[in-house]
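Note sheet for the following structure.
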Amino acid sequence: MYPREFDYVAPGTLDEALAVLASNPGAKIMSGGMSLIPMMKLRLLSPATVIDIGRIPGLDAIEDRGDHLAIGALVRHAQTASSDLVTTYAAALAQAAALTGDVQVRNRGTTVGAVAHADLAADTTAAVLALGATMVARSSAGTREIPASEFFVDTLTSALADDEILVELRVPKSGEGESSAYTKLGRRGGESDYAVAGVAAWVRKTNGSVSDARVALTGVGSKAMLSSGAMDAIIGSDGSEAAIAAAADRAADGISVLEDLYGSEEYKAHLAKVYVKRALGAALS
Amino acid sequence: MVNQRLIPTAIEPRRVLAEWEAGYQTLRMHTTSQMPHAVAGALAMALGLPSTSVRVIAPEVGGGFGAKLNVYSDEILVGWAARQLERPVRWTETRREAATSTIQGRGWIGTATIVGTRDGEILGYEFDGLADMGAYTQNFTAAIPFLGLFVASGQYKMPTYWKIDCVATNTTTTDAYRGAGRPEAMYYIERIMDMYAREIGMDPADVRRKNFIPAEEFPVAMSPVGFAMDTGDYAMNLDALLETGAYDEMKAARDSARAEGRNVGIGLSTYVEVCGFAPAGLADLGFSWSAYGLPSAFNGNGLVRVNADATVTVTIGTGPSGQGHQTTWAQIVADRLGIPVDDIVVKHGDTGDSPMGIGTFGSRSAAVDGSAAYEAADRVRLKAAKLAAHLLEASEDDIVFADGAAHVAGSPESSVPWSEIAMVAYQPQKAPEGTDPGLESEVVFSPANATWPFGSHLAMVEVDAETGNVEILRYVAMDDCGNVINPMIVDGQVHGGLVQGIGQALFEEAIYDENGNLLTGSMVDYPIPTAGDVPMFELHRTTTPTDINPLGVKGIGEAGTIGSAQTIVNAVVDAVASYGVTHIDMPLRPRRVWEAMNAASGNGRA
């Protein structure tokens, strides 16, 4: 279909974008447009105003800030996937970015934009949850930091307020003994297309045991979410194959699994286990 | 077994632009059609215009696959609006409209039965099916099951009973989609053939070979359902596949992978296609464009004209959508005339250029329209030889054409370039007395029969025991489309066909809810394979020319699709047979394969 009529604004600065947003309630922010435009064409969304932040300078960098990486709002998936910094210090995010969409989407769509979009079957959403990232939101009133664990509210719904723009993603750098991984089954089989189920895992090993871990699921429930069952089971364990299997068994504990054309509740709960096992296995290997 | 409904997904949706040209009193329409002449005929009938007042142009169309082999009401309405308004009117369908209102394909449910001996001799084959027509019949809707019937017995000589009921449903109309009836028919034979082989414990290749129509019955073999088949050597083709694909090594690799606990499987399928439509006799059965007020059966049209500057204009009756006709026809004509390919322009898809054209569908273009161009070029060559003989004072029987000139055989220094021949042809006073001016010929080619390409395909897959995910490890095709004019174009056709067949096997399914709402109307819900989702194909050919046309070509547009879906399903079922799985309906999405493994074994190997 064709989108309904809308106004298009392409501000040159962030302040200008925030001002336009403040005075146009219901306006939508566009970075790469890989999700927003199809949704507008399907008329799932019909914003009166689209604010294209694509021409604002200074938002397209991946920076090393000592203890964390800062990923700007205009960093493309392809950039995230191939960045030495991300691959080295936040492997799960690089892997999730590499498995997002197809080549065209990865060259155009942005990592921060996909996170802000909060699709229930996106890849990077699980990675930022597992990596314990912080979202930096700006409005004309100031800056707000939102932990990833509080960011995903529901399907396509984030904690961003109407007047806020997600300008940066801060990802703690994996240090000594820490590692992460993302793996998934895609709708076209293998790792292709949206996640039927995807799992990101981050672990810290201290003195031969798993001292901390975060395990996040995508595609399984109504939003990207942490698997408290798997985390409870793996933290404090020796990270062995048996410990991983025990954690995998609890992957979907307490999670309301949503079925779709690609998986029944039973199958998706099963996949959550399989991919928790594979993601933890990769992170701990 | 279900052969599910598919949504033909061309990269270019349908679109129409019409304009009433008051000066010429002509309605000019650009449309994405595989059959512009039929659209022109339908427009003339619907709007009450003489054929001279309608010109339809189907330029380089972005994919058709049968979905653009219809006259759609949108085309008529846009033409009517442009005529009423005397202003240009344009319409472009959206992707969702393409999914819901452009025709869909397949949609069969059937039961296949083989009766045979324990040593692999088939005593009879029976098929009992239901074909979903959708809500209305369009161009070929009711003809698609007939195309299945034509190939009902595949490559095999076995008593065949084939019955299909065509039912109307409150869903989008089905019609021709790449292969059109033949992939469905071949799916059922080749699936049941595999089940039979498994039941009697015989190698799937051996069972097939044992029941082939023998090579010595060609030509003209009579298929068990009563159709004369031009040429074929099925055992030769299968043996070439097994050798090239290294079947024995593949089986050994499969068995050693299984010993490691991996679910690896091999799938084999043979196929025949019937194409190159159509013999004039079929027009009496309704296979013609008579409904559009056009006089012709499915003949081929070719006009070859050498211009005064020795360039060549070739006008053909096809309506291609990416098949490379300009390249192929230029080769055919260049080869006959000895004029460089670069000096030849091929025009198609414009009803203003040619009085008649059937269009492009059913793998017919090269066999039928290609033959027309071939024969037209031959006639031009004969006339040019007369003129050259006159200029060179030689006998016309001694004239040969090469490198842009006519030569006297045996004396290469005696030659005259095409440009000189052409100048004479257009100046009667310089030509021998009694010569008609001009240097062109138009041929309408009416084949005596359809052509029967064939082939065999082999695939190796691995199924993930935990997820049901299918990975194609190898795909080897041994196709036989008769003579090949341009190998790269033939390979391209096979590539596209295989991808669409694999799309049906693994990904695609049009799903309706109980109220007839399409649930898969967007590309998010209707996944199609991309280059990254398929393996590198190993393409090979045997060559068994047809005697039905002067080129010896059979057709290759649909072969890849006709041979591939069941090859993949056979391989996947082989991979998970140890769980007790005997069949899984397409598409073999991971979920469905996993559920089949679980249902058969309770998630453990039987």
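The values are calculated or read from the model by the stated rules, or taken from the named source; none is laboratory data. Worth saying up front: this structure is predicted, and the values here are computed from it rather than measured. Because the Cβ atoms are built from the backbone with ideal geometry, glycine has one as well, and the counts that use them run over all protein chains shown.
Brief remarks on what is shown
- Near pairs, Cβ below 6 angstrom, 6+ apart or cross-chain, from region A:262-275 (more than 8 Å from every other protein chain (Cβ to nearest Cβ) and buried (at least 20 other Cβ atoms within 10 Å of the Cβ)) to any residue that is assigned to a strand (DSSP E or B) and modelled with pLDDT of 95 or more: A:268/A:197; A:272/A:197; A:272/A:217; A:275/A:183; A:275/A:197; A:275/A:199
- Residues located in region B:530-545, provided they are assigned to a loop (DSSP other than H, G, I, E, B), within 14 Å of chain A (Cβ to nearest Cβ) and either surrounded by 19 or more Cβ atoms within 10 Å (Cβ to Cβ) or hydrophobic (A, V, I, L, M, F, W, C) (or both): B:534
- Residue match in region A:207-220 (condition: among the charged types (D, E, K, R) and touching a strand residue (DSSP E or B) at 6+ places or on another chain (Cβ under 9 Å)): yes
- Of all residues in region B:382-399, exactly one satisfies the criterion of being of a type in the set (A, V, I, L, M) and surrounded by fewer than 16 Cβ atoms within 10 Å (Cβ to Cβ), namely B:382.
- Only listed residue being under 23 Å from the mean Cα position of the chain (by Cα) and of a type outside the set (Asp, Glu), chosen from A:3, A:38: A:38
- Looking only at region B:138-169, and only at residues there that are under 21 Å from residue B:508 (Cβ atoms) and not aliphatic (A, V, I, L, M), the one that is surrounded by the most Cβ atoms within 10 Å (Cβ to Cβ): B:148
- Residue B:550 passes every criterion in (1) closer than 21 Å to residue B:239 by Cβ; (2) in contact with a helix residue (DSSP H, G or I) (Cβ under 9 Å, 6 or more places away or on another chain) apart from (1).
- Given (1) free of Cβ contacts under 8 Å to residues at least 60 places away in the same chain; (2) more than 30 Å from residue B:41 (Cβ to Cβ); (3) buried (at least 22 other Cβ atoms within 10 Å of the Cβ), index of the condition residue B:75 fails: (2)
- Neighbours by Cβ (under 7 Å, 6+ apart or cross-chain): first from region A:94-123, at positive phi; second among the aliphatic types (A, V, I, L, M): A:101/A:34; A:118/A:156
- Counted residues, region B:549-572 - those being out of contact with any Asp or Glu (no Cβ under 7 Å at 6 or more places or on another chain) and surrounded by fewer than 24 Cβ atoms within 10 Å (Cβ to Cβ): 2
- When A:43, A:76 are screened for being in contact (Cβ under 8 Å) with a residue 40 or more places away in the chain, over 26 Å from residue B:532 (Cα atoms) and charged (D, E, K, R), only A:43 passes.
- Checked against the criterion of being in a helix (DSSP H, G or I), touching an Asp or Glu at 6+ places or on another chain (Cβ under 9 Å), modelled with pLDDT of 95 or more and within 17 Å of residue A:119 (Cβ to Cβ), the candidates A:268, A:223, A:273 yield just one match: A:268.
- Hits in region B:188-212 - residues which are more than 18 Å from residue B:157 (Cβ to Cβ), of a type in the set (Asp, Glu) and surrounded by fewer than 22 Cβ atoms within 10 Å (Cβ to Cβ): B:199, B:203
- Criterion applied to A:214, A:250 was being touching an Asp or Glu at 6+ places or on another chain (Cβ under 9 Å), away from every other protein chain (no Cβ under 14 Å) and more than 24 Å from residue B:506 (Cα to Cα), and the one residue passing it is A:250.
- Here residue B:445 fulfils each of the conditions (1) surrounded by fewer than 19 Cβ atoms within 10 Å (Cβ to Cβ); (2) under 33 Å from the mean Cα position of the chain (by Cα); (3) away from chain A (no Cβ under 14 Å) apart from (1).
- Hits in region B:454-471 - residues which are assigned to a strand (DSSP E or B) and more than 24 Å from the chain's Cα centre (by Cα): B:460, B:461, B:462, B:463, B:470, B:471
- The residue that is surrounded by the fewest Cβ atoms within 10 Å (Cβ to Cβ), among those in region A:164-198 that are more than 11 Å from chain B (Cβ to nearest Cβ) and not in a strand (DSSP E or B), is A:176.
- Helices (runs of 4 or more DSSP H) contained entirely in region B:117-222, each with at least 2 residues that are charged (D, E, K, R) and out of contact with any helix residue (DSSP H, G or I) (no Cβ under 6 Å at 6 or more places or on another chain): B:182-200, B:204-211
- Test: residue in region A:64-75 that is touching a Gly at 6+ places or on another chain (Cβ under 6 Å), under 24 Å from residue A:170 (Cβ atoms) and surrounded by 19 or more Cβ atoms within 10 Å (Cβ to Cβ): no
- Looking only at residues in region B:587-606 that are more than 13 Å from chain A (Cβ to nearest Cβ) and surrounded by 15 or more Cβ atoms within 10 Å (Cβ to Cβ), the one that is modelled with the highest pLDDT is B:600.
- For region B:500-529, the set of residues classified as aliphatic (A, V, I, L, M) and either within 12 Å of another protein chain (Cβ to nearest Cβ) or at positive phi (or both) consists of B:502, B:505, B:506, B:510, B:511, B:519, B:523, B:524, B:528, listed by residue number.
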